[in-house]
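Beneath this line is the structure, given in C-alpha cells, with notes to follow.
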Amino acid sequence: MATFPKLTSGVVTQYPSGRTATYSTSIMQFVDGKEQRFRELKSSVRRWLIELSKLSAHEEGSVEAFFSSVQGQFGSFTFVDPWDDVEYPDCSFDQETLNALSRSESANQTYLVIRNNRS
C-alpha cells in the first residue's frame, strides 16, 4: 500500500496544521420526550489538516503525483500521524481536488485533508 510522502526535511506537514477526532452518534427521541443515544461507528473518525507552504517544485510535484496515484478521494494509503507517530493503514483524501498554489520555484502551497477510513 502507498504511504503519504514526506518532505525533504523528513516531515509530512508544517505548522499550522491540525487534527480532529469526531464521533457519529444517533439520537432517537420517543413520544414521551426521552432519548436514546447510540454510536454509529465503533471508533472516532480522525482527520488531519495538512498545510504545506514554501514547498520546492520537487516537493510539490511529489505531493501532486501521490494525489494522482491514489486517484484523489478514491484510493487509500498509509498515513503516519505527525503528532504521535501512530500509523493509520487505511486513509484517504477528504477532498475531490488538490488545492495547490504556485507562487515561485520555492514558494508552492498546498492544503490537504486526510481522513482515517477505519470505523
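Going from most exposed to least, what order do Asp32, Asp84 have by accessible area with a 1.4 Å probe?
From most exposed to least exposed: Asp32, Asp84.
Given R₀ = 41 Å, what would the calculated FRET efficiency be for Lys54 paired with Ile27, taking r from the Cβ atoms and rounding to 0.05?
On the way: r = 45 Å, r/R0 = 1.10.
Given R0 = 41 Å and the Cβ-Cβ separation, E is 0.35.
How much of the accessible area of the range 12-102, in percent, comes from carbon and sulfur atoms when a 1.4 Å probe is used?
Using a 1.4 Å probe with all protein chains present, the range 12-102 comes out at 50 percent carbon and sulfur.
I need two numbers for the range 14-75: Rg to one decimal and Dmax as a whole number, Cα atoms only, in Å.
Taking only Cα atoms of the range 14-75, I get Rg and Dmax of 19.6, 62 Å.
For Glu96 and Ser43, compute 0.36 nm times the residue count separating them, minus their Cα-Cα distance, and round to one decimal in nm.
16.6 nm
The values are calculated or read from the model by the stated rules, or taken from the named source; none is laboratory data. From a predicted model like this one, the values you see are computed outputs, not experimental measurements. FYI the Cβ positions are ideal-geometry reconstructions off the backbone, even for glycines, and counts take in every protein chain you see. All accessible areas refer to the heavy atoms of the entire protein, side chains included, with ligands and DNA or RNA removed. Shrake-Rupley method; radii C 1.70, N 1.55, O 1.52, S 1.80 Å.
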